[in-house]
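J.: Quick one: this structure, given as structure tokens, is what I'll be asking you about.
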Amino acid sequence: MRLFASDLEGTLVRSVSGWVELHKRFGTWDKGREYAEMFFRGEIDYPEWAQLDASLWRGHTKEEILEWVDRVEYMDGVRELFRFLKENDFRIAILSSGLMCLARKVGEELGADYVFANELEFDELGRITGKVNALVDFEGKGAILRRLKEELRAELTVALGDGHNDLSMFAEADVSIAINPHEGVEGDHVVESLDEVVEILKGILEGS
């Protein structure tokens with residue numbers, strides 16, 4: 001059993017942060033930026049940060065969220081990457097500290113086996129309640145990947161990502177690939193495109 005775990009935003013899709021993009025869409029970015037700064041100063045933890053963010057969107061609708069989701073574009077080469085993974089017996093997991101509304105759609109369209117992300121709560125009329133189930137915190141991808149590895153007894157685990165919140169995932173993987181990484185983010189390989197990811201995987205499989 002082989003396992004491939006990927007970040008979502010900035011890696012598989014062109015959206016960099018759904019949280020930020022929705023703040024800007026809803027006109028709440030000034031307060032959202034303040035909450036982000038509080039988190040990075042260590043004044044609040046990730047679930048509290050997510051809760052504060054979601055509270056700013058109370059009353060907005062799932063329809064508004066899905067309008068944004070439908071506009072998010074895929075990175076070049078993403079379908080070819082997933083086709084290669086499936087042809088070579090990889091289980092595929094998407095691990096995102098973004099929103100499940102986007103992650104679920106991408107997972108379904110590309111055929112991921114597992115999707116982990118943060119879930120906004122909606123009421124019976126489809127309105128955001130202001131609550132969120134923060135399943136994937138800023139450092140939590142590593143713990144999720146470790147659990148998947150153990151459950152699947154994966155003989156090879158590859159992780160792909162671009163940000164600091166992917167480093168815990170990289171630490172659990174046999175092979176880590178950083179794609180157009182943020183400053184300070186390093187993997188076993190650094191690439192600029194998903195086509196390069198496929199070439200790295202081919203090399204790994206040919207050498208195994």
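J.: Taking only protein heavy atoms and a 1.4 Å probe, what accessible area per residue, in Å², does the range 64-162 have with all protein chains in place?
T.: 48 Å²
J.: Quick one: putting +1 on the C-beta of Lys and Arg, -1 on the C-beta of Asp and Glu, what dipole do you get for the range 111-176 around its Cα centre, in Debye to the nearest 20?
T.: 60 debye
J.: OK, next. If the only charges are +1 at each Lys and Arg Cβ and -1 at each Asp and Glu Cβ, what is the size of the charge dipole of the range 142-208 around the Cα centre, to the nearest 20 debye?
T.: Approximately 360 debye in magnitude.
J.: Can you give the translational diffusion coefficient of the chain in µm²/s, computed by Stokes-Einstein from the Kirkwood radius over Cα pairs at 20 °C and 1.002 mPa s?
T.: Taking Rh from Cα pairs, D becomes 122 µm²/s.
J.: As a check on your grasp of the helix formula, calculate [θ] at 222 nm for the chain: sum -39500 (n - 2.57) over DSSP H runs of n ≥ 4, divide by the residue count, round to the nearest 500.
T.: Roughly -13500 deg cm²/dmol at 222 nm, from the helical runs in the chain.
J.: May I pose another question? Treat every Asp and Glu Cβ in the chain as -1 and every Lys and Arg Cβ as +1, leave all other atoms uncharged, and give the resulting dipole magnitude about the Cα centre to the nearest 20 debye.
T.: 460 debye
J.: Carbon and sulfur: what percent of the chain's accessible surface (1.4 Å probe)?
T.: After summing per-atom areas, the C and S share lands at 45 percent.
J.: Hey, another quick one. Quote the accessible area belonging to I65 in square angstrom, nearest 10, computed with a 1.4 Å probe and with ligands, DNA and RNA left uncounted.
T.: So the heavy atoms of I65 present about 0 Å² to solvent.
J.: Mind checking Rg over Rh on the range 12-94, alpha carbons, Kirkwood formula for Rh?
T.: We get a ratio of 1.10 for the range 12-94.
J.: Using the alpha carbons of the range 103-205, what is the convex hull volume per residue in cubic angstrom, as a whole number?
T.: So the per-residue hull volume is 134 Å³.
J.: Here is a follow-up. Restricting to Cα pairs below 8 Å that are 6+ residues apart, what does the relative contact order work out to for the chain? Please round to a whole percent.
T.: 25 percent
The values are calculated or read from the model by the stated rules, or taken from the named source; none is laboratory data. Values in this document were obtained by computation on a predicted structure and should not be read as measured data. Counting neighbours? That spans all protein chains shown, and the Cβs are built from the backbone with ideal geometry, glycine included. SASA here: full protein model, heavy atoms, side chains in, ligands and nucleic acids out. Shrake-Rupley method; radii C 1.70, N 1.55, O 1.52, S 1.80 Å.
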